[in-house]
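The values are calculated or read from the model by the stated rules, or taken from the named source; none is laboratory data. The model shown is predicted, which means the values in this text are computed figures rather than measured ones. As a convention, Cβ positions derive from the backbone with ideal geometry for all residues, glycine included, and neighbour counts pool all protein chains shown. Side chains included, ligands, DNA and RNA excluded: accessible areas come from the protein's heavy atoms. Shrake-Rupley method; radii C 1.70, N 1.55, O 1.52, S 1.80 Å.
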Amino acid sequence: MNGKMHVTNAEQQTVMNPSQPILAFCHLRKTGGVSLNQILRRQNGSAHLDTIVRFEPGTQRNRQFYRREDLDRDRWVYPRLKSLAGHYLCPAIDYGPIGERFRWITILRDPAKRYVSHYGQHVEKMGETCDFERWMSFEKHHNDQVKSIAGEVNLETAKQLLQTKFVVGFLECYELSLQVFRERLPEFQLRVGYLEKSNPAKGMIDARELAHHHAARIQENNQLDQQLYEFARDVLWPKQLMGLNRERLEQTVSGLHARRPNWSQQLRLGCARLKRNLLYKPFVRIYQS
């Protein structure tokens, strides 16, 4: 070894090639993103960044979005970045030169179902005690998909960003969407097999009853999300499928649930979790304090 640290060819290429693309996953809430994030962890290991948004100065409240300066600091911990993901990762934000290398993906969901599921998460995971009627009055939960993509309540900006930057998938055709990501982004050689539904609902709310009983109010609160969803479904999705062998994709889809991660994928998943919990989280806490 002659006192020199051994570096693999892949690592050399990552460090030496500043134009290497980076997969950026804009993780919209309650759209099946946890499963996709697990796929990225298994593939890229400690080179996958699960972004942590910072607090507003002097408070314990999250900032609205993950910012350029956050990414600049996080690259001290993740210098060989291959992919990143997060609820607060926003394509409307200028992430600097490294952001020009991002290839964006996201998963959309029927707005009414996503909205009710979001309430369910607040009840089951966050201890929310208010009823659905009161929860619907909180404007911050309205049109969440548009705001997460555009950085503001701006439908046209969200449409433009989806059209110019994204490969889009849908929870309603999740497995096919994973295959489309793989085919449309061949530079990442995505291995999109997965096992089980991650982050499932616990059944503490009757989502179907809430959606039926409050249908008009839910629709009113998510009009922009509905328009964005229909634009992606009716305009962007057919373009993404154009030229792909739909029959072959659907045959591949049928075997996704049967695949189990091999030992190397499990090792990369473990490395990703260890790095995030033992290094990245303490790093963020130090800077926030």
### Query
Which condition does Val7 not pass, out of (1) at pLDDT below 95; (2) open to solvent by 40 Å² or more (accessible area, probe 1.4 Å); (3) not in a loop (DSSP other than H, G, I, E, B), if it passes all the others?
(3)
### Task
Would you check which residues across the stretch 24-35 are under 8 Å from the mean Cα position of the chain (by Cα), open to solvent by less than 20 Å² (accessible area, probe 1.4 Å) and at pLDDT below 95 and list them?
Gly33
### Task
From (1) in contact with a Lys or Arg (Cβ under 8 Å, 6 or more places away or on another chain); (2) free of Cβ contacts under 8 Å to residues at least 40 places away in the same chain; (3) under 23 Å from Arg273 (Cα atoms), pick out the condition that doesn't hold for Lys30.
(2)
### Task
Kindly indicate whether Tyr66 is open to solvent by less than 10 Å² (accessible area, probe 1.4 Å), under 17 Å from Arg273 (Cα atoms), assigned to a loop (DSSP other than H, G, I, E, B) and touching a strand residue (DSSP E or B) at 6+ places or on another chain (Cβ under 8 Å).
no
### Query
Which of the residues belonging to the stretch 181-209 are at pLDDT below 95 and open to solvent by less than 50 Å² (accessible area, probe 1.4 Å)?
Leu190, Val192, Gly193, Tyr194, Leu195, Ser198, Ile205, Ala207
## Note on the structure
The residue from Ile149, Ile105, Ile98 that alone is in contact (Cβ under 8 Å) with a residue 24 or more places away in the chain, assigned to a strand (DSSP E or B) and either open to solvent by 10 Å² or more (accessible area, probe 1.4 Å) or of a type outside the set (S, T, N, Q) (or both) is Ile105
### Task
Pull up the stretch 257-289, narrow it to residues that are in contact with an Asp or Glu (Cβ under 9 Å, 6 or more places away or on another chain) and open to solvent by less than 40 Å² (accessible area, probe 1.4 Å), then point me to the one that is farthest from Val53 (Cα to Cα).
Ala272
